[in-house]
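Undergrad: Take this structure, written in structure tokens, and hold onto it; I'll ask about it next.
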Amino acid sequence: MPLFGHMIGIFDSGYGGLTVLKALRKRLPQYNYLYLGDNLRVPYGSRSSETIREFSEEALQFFFKKNIPLTVFACNTASAVALPFLQEKYLRTPGVTDRKVLGVIIPVAEKAIKITKNKRIAIVGTRATINSKAYEKELHKLDPNIKTIGQACPLLVPLIEEGWHHKPEARSILKKYLAPIKDFAPDTLILGCTHYPIMHDVFEDIMGTRVHVLDSSTAVADSLADYLNRHPEIESQLTKNSDSSKSGTVTFTCTDAPERFSEFAQKFMGGEKITAEIVKL
Ligand code: DGL
């Protein structure tokens, strides 16, 4: 595989990051993307912090080796559990690397703070994301008066991956997960998992019209656009070596079963022909 010095890297534990890729491509169609889905080891959300860090570090090194100047951790679990540790190890230590890595937690928390009026924010995500309290910490940094509630919804990822998300069974499971959140009466609900935007309508339906259901994918796309405006030195790296007639391309890589990955990604990306390449981390 050639080097990809002009691409934006997108990392996810598997397929879910395709929601973020879709939002990024819509908001920033002028760039090229390298997607990595670690579908060999998905799900990350029910694993220990040590394992999530180890896997995420290997993914980050994959992007470093490819010379990617800017990587987005689309995976909420990796952003919540591994990114602060990796920032410390590689990115805040002068002289280690000039690469940039952005996660989803900060942009989403910033957007939620802008939206909330009653200062009550709920978060749903994988077990690891909820246990990390990463969203809560970020929200409280921005506004110490915010009240929060977190709810892990571990059954949703497999239901969505099986295409069951609009079946009555999925709805009744989600209703159970959301019952304590409804009692808490937030006005903003953060969908803190890459997969959940696929059930956005069901979340909205159960929570009712007074609650703003916030997808991490669109918040990340807005924040990346803003970041690139403020960092022309990174922006110029993304456009410098690329052929402008070929912008908006995506190179898909995965760590297992590329045919299955391609088939799934194709459905996800609205039928566009996708051929994923297998890589070893
Ligand atoms: N991508 C993960 C996230 O956003 C969900 C799937 C997983 O558990 O690996 O948290």
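Undergrad: Do you know the relative contact order of the chain, to the nearest whole percent, from alpha carbon pairs under 8 angstrom that are 6+ apart?
TA: This gives 26 percent for the chain.
Undergrad: To continue, here is another question. May I ask you to compute the full-extension gain from residue 236 to residue 88, defined as 0.36 nm times their residue separation minus their alpha-carbon distance, rounded to one decimal in nm?
TA: Answer, rounded to one decimal: 50.7 nm.
Undergrad: Also, I was wondering about something else. Taking the mean number of other Cβ atoms within 10 Å as a proxy for protection, how do you rank 142-153, 126-137 from highest to lowest?
TA: 126-137, 142-153
Undergrad: May I ask for the angle, rounded to the nearest 10°, between helix 105-115 and the longest principal axis of the chain, with both axes built from Cα atoms and the value confined to 0 to 90°?
TA: 50
Undergrad: Which residue, chosen from 51, 189, 20, occupies the Cα position most advanced towards the positive end of the dipole of the chain, where the dipole is computed from +1 (Lys, Arg) and -1 (Asp, Glu) charges on Cβ about the Cα centre?
TA: Going by the Cα projections, it comes out as 189.
Undergrad: Okay, moving on. Rounded to the nearest 500, what is the 222 nm mean residue ellipticity of the chain from helices alone, with -39500 (n - 2.57) per DSSP H run of 4+ residues and division by all residues?
TA: -13500 deg cm²/dmol
Undergrad: Full extension from residue 145 to residue 225: what is 0.36 nm times the residue separation minus their Cα-Cα distance, to one decimal in nm?
TA: So the extension gain works out to 25.9 nm.
Undergrad: Still on this structure: Helix 168-184: angle to the longest alpha-carbon principal axis of the chain, degrees 0 to 90, nearest 10?
TA: That works out to roughly 70 degrees.
Undergrad: Do me a favour and compute the ellipsoid semi-axes for the chain from its Cα gyration tensor, root of five times each eigenvalue, largest one first, whole Å.
TA: The answer is 29, 22, 18 Å, longest axis first.
Undergrad: Continuing with the same structure: Give the relative contact order (percent, whole number) for the range 26-125; include only Cα pairs under 8 Å separated by 6+ residues.
TA: Here the relative contact order equals 25 percent.
Undergrad: Note down the nm distance, to one decimal, between modelled labels 7 Å out along Cα→Cβ at residue 67 and at residue 204.
TA: 4.4
Undergrad: Any chance you could give the angle, 0 to 90 degrees and rounded to 10, that helix 18-27 forms with the longest Cα principal axis of the chain?
TA: 70
Undergrad: Among rounded, prolate and oblate, which fits the range 163-281 when a ≥ b ≥ c are the square roots of the eigenvalues of its C-alpha gyration tensor, a/c under 1.5 means rounded, and a/b larger than b/c means prolate?
TA: Note, shape of the range 163-281 comes out oblate.
Undergrad: Now for a separate question. Shape of the range 80-217 from its Cα gyration tensor (a ≥ b ≥ c, root eigenvalues): rounded if a/c is under 1.5, otherwise prolate when a/b > b/c, or oblate?
TA: Oblate, since a/c reaches 1.5 and b/c is not below a/b.
Undergrad: While we're looking at this one, here's another question. Hey, could you pull the Cα Rg and Dmax for the range 1-107, both in Å?
TA: According to the Cα coordinates of the range 1-107, Rg and Dmax are 13.0, 37 Å.
Undergrad: Okay, moving on. Considering Cα pairs under 8 angstrom that are at least six residues apart, work out the relative contact order of the range 140-207 and quote it in whole percent. Write down the numbers at each step before the final one.
TA: Values: 33 pairs, mean separation 24.8, N = 68.
Over the range 140-207, the number comes to 36 percent.
No value in this document is a laboratory result; all are computed from the given coordinates. The model shown is predicted, which means the values in this text are computed figures rather than measured ones. Please note: Cβ atoms are built from the backbone with ideal geometry, for glycine as well, and neighbour counts cover all protein chains shown.
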